[in-house]
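As structure tokens, the structure follows; a few thoughts come after it.
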Amino acid sequence: MNCLNEGTIQTYIDQELAALEREHIERHLAECADCRTRVDAAARDSAFVQGALSALKPNATAIAEPGIAYASFRAAHVEEQREARMPLLSRWFGRSWTPAWGALAIALVAILVGFSPARTWAERLLATLRVKRIAVVGVDFQSFKGMEESDPRSYKLLERAISDSVVVTKRPDTPQVVANSSAAAQLAGFRVRTLKDLSGPQRVQVNGEVAFHMTVDRDRLVSVLDEIGRPEIQIPEAVDGATLSVHIPKTVFSMYGDCKSRSRGRARSGKDEVNEVPSDPSRSNCTLLVQAPSPSVTVPPDLNMSDVAEAGLQLAGMGAGEAHALCQTVDWTSTLVIPVPRDSASYQPVFVDGVEGTLIQMQREQNRYSLLWTKNGIIYSLNGNGTMNDALALASSLR
Amino acid sequence: MDAVHSLNSSMTRVQESSAQRWPDAEFKQVFLDNYSRIVAVLMRLLGDRMRAEEVANDAFLKLYQQPGLREGKANISGWLYRTATNLGIDGLRSSARRGRYEEAAASDRQRNSSPEGPLDDLIVEERRSRVRAVLAAIKPTQAQLLILRASGLSYKELAEILDVKQSGIGTMLNRAEAEFRQCYLQLHGNEEGL
């Protein structure tokens, strides 16, 4: 048997091991002086902590009888709320803010979750991060159920809390429609590729570059999370006052087939471009290729974004444990994490364009796929209709 | 980009689903089943019965406002423990920021006077406020884990409440205890003070 790790020693001291495992460990301890010494030291340290904490044991004080507590809870909250809430709901619950909330949640998750400073960069004043990989994760939007019941002003609060903290330093110009891919390349400043298997593109559009920075106000975020009914999410203290600067370079959208253009309302926050889809991808014969140089995000080097990421993923609907586990595995210095709702899309790793990518397939929109990968600093997203093989074949015709 | 589009429509769908609400009997049962345990943990954390009951009420109110939690696999007790201890730790931290520790300890003394006499009370309270100062200073997730463990929850229960694997609890506790110990020594000097 190998020597014991800290977790096992702790579990042993806490008497939380199964009988069989305990036997194994005691056998090992009998013959390993080194581990015996470590267990003794750990037991002393643990006794110190547990002794300190046991001082908190309350003097015998009667707690209110639950039945009585419930009656007063009910009188204070339940009856009064039922009366107050319903009219408010109908007044406030407009659909119009729903996409905005979605966009903001994604922007928040993408920005906060997607990046983290490398520790080795700590000697620099600021760390600049670029996307090298994309990780798609499944999230469960069940947790949003029930939020509608509470006051929809909460969504507005979240939106406002975010937009108040954002300063747009470079507002995007109106998207420019250009004649062809080489004109787009000239404008965007990187090599724009085309799909050889399709004729066209029928329309090429270049979205302007955007830059903004945001300063995190932890107290405000905490109170907003409270308001929107997610008080169990912990926002790390360290993010308070942290400033993130985001620069999103020009992005090229190439549309093949019948992609009717649709215009979108422009959000105040300057984050609309994150969500802007210049064509309707649900149209059956529309294929959309997006080419975006990696955005760069600058964050304070000492900020531990893995904690922030956990909060972000939970907000996006991932279970606390799963978020925790994921945050341990992702390299936050270079990974853009995209949450995808489990109930409406499935995803799998694929080999595309010579690199590893992810194929997302929508369950409700038949045959709709989205293929994502990054190569040479460019993020690609190919969106169309068909099977996995169709998607991969089309991607292989990229020139 | 399509993913974003799909997220939006998915969220719209979620919000279009019919409005729900906790059935009275069901909510009452959850309240009765969990109230005493939640208040007991909060009393450990905050040291004050009134405050503990207030915070417990806040946690139940938040639960009441989220009827969606009754559906599916949500572990309601675990959610309550997490929410209540988060609220409690936030309270502890803001008291610590405002330097209200001594005050809280004093009112605690008055309310919870023990038969051992005032001097013993004073020593006990001094010790408690030191421990709470440490809990307020370390990472909230670690404080949460320590207070729940100190309240007598098993590894299995902790794993359920925190929604993590049981096999990871030992390591998490080990780190939390190390952090607590280090912070205690920093704030209050050597171990003899305890």
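The values are calculated or read from the model by the stated rules, or taken from the named source; none is laboratory data. Because the structure is predicted, anything quoted here is derived from the model rather than measured. Because the Cβ atoms are built from the backbone with ideal geometry, glycine has one as well, and the counts that use them run over all protein chains shown. The area values use the complete protein model at the heavy-atom level, side chains included, leaving out ligands, DNA and RNA. Shrake-Rupley method; radii C 1.70, N 1.55, O 1.52, S 1.80 Å.
The largest accessible area among A:Arg171, A:Arg74 belongs to the first residue in A:Arg171, A:Arg74, and the rest follow in falling order (1.4 Å probe, all chains). Counting charges near B:Lys165 (Lys, Arg +1; Asp, Glu -1) among other residues having Cβ under 13 Å from its Cβ returns a value of -2. For the range A:227-255, list whatever residues lose no less than 30 Å² of accessible surface once every protein chain is in place, relative to that chain by itself, with the probe at 1.4 Å. With the partner chains in place, the range A:227-255 has these residues losing at least 30 Å²: A:Gly229, A:Pro231, A:Glu232, A:Gln234, A:Glu237. Excluding ligands, DNA and RNA and using a 1.4 Å probe, chains B and A jointly bury around 7900 Å² of accessible surface, summed across both partners. The residue among B:Ala150, B:Ala176, B:Leu122 whose Cα reaches farthest toward the positive pole of the charge dipole of the range B:116-181, with charges on the beta-carbon of Lys, Arg, Asp and Glu, is B:Ala176. Each label point was placed 7 Å from the Cα along the Cα-to-Cβ direction; for A:His24 and A:Met388 their separation is 3.6 nm. Annotation for A:Ser182 and B:Ser36: the two label points, set 7 Å from Cα along the Cα-Cβ direction, are 8.2 nm apart.
With every protein chain in place and a 1.4 angstrom probe, the accessible-area ranking of A:Leu371, A:Leu187, A:Leu20, largest first, reads A:Leu20, A:Leu187, A:Leu371.
Put simply, the amide H of A:Leu398, placed in the peptide plane, has neighbours under 5 Å in A:Lys196, leaving out anything fewer than 5 places away on its chain. So what's the net charge close to B:Ala178: Lys and Arg +1, Asp and Glu -1, counting the other residues with Cβ under 9 Å from its Cβ? Summing Lys/Arg as +1 and Asp/Glu as -1 gives -2.
Too long at a 18 Å Cα-Cα cut-off: which of B:Lys28/B:Lys62; A:Lys170/A:Lys250; B:Lys28/B:Lys156? Cα-Cα > 18 Å for B:Lys28/B:Lys156; rest within.
For the range A:1-65, what percent of Cα pairs sit more than 15 Å apart? Here the tail beyond 15 Å accounts for 59 percent of pairs. Note on surface exposure: B:Leu185, B:Leu148 rank B:Leu185, B:Leu148 by accessible area, highest first, 1.4 Å probe. To the nearest 10 square angstrom, how much accessible area does A:Thr329 have with a 1.4 angstrom probe? Around 110 Å² of this residue is reachable by solvent.
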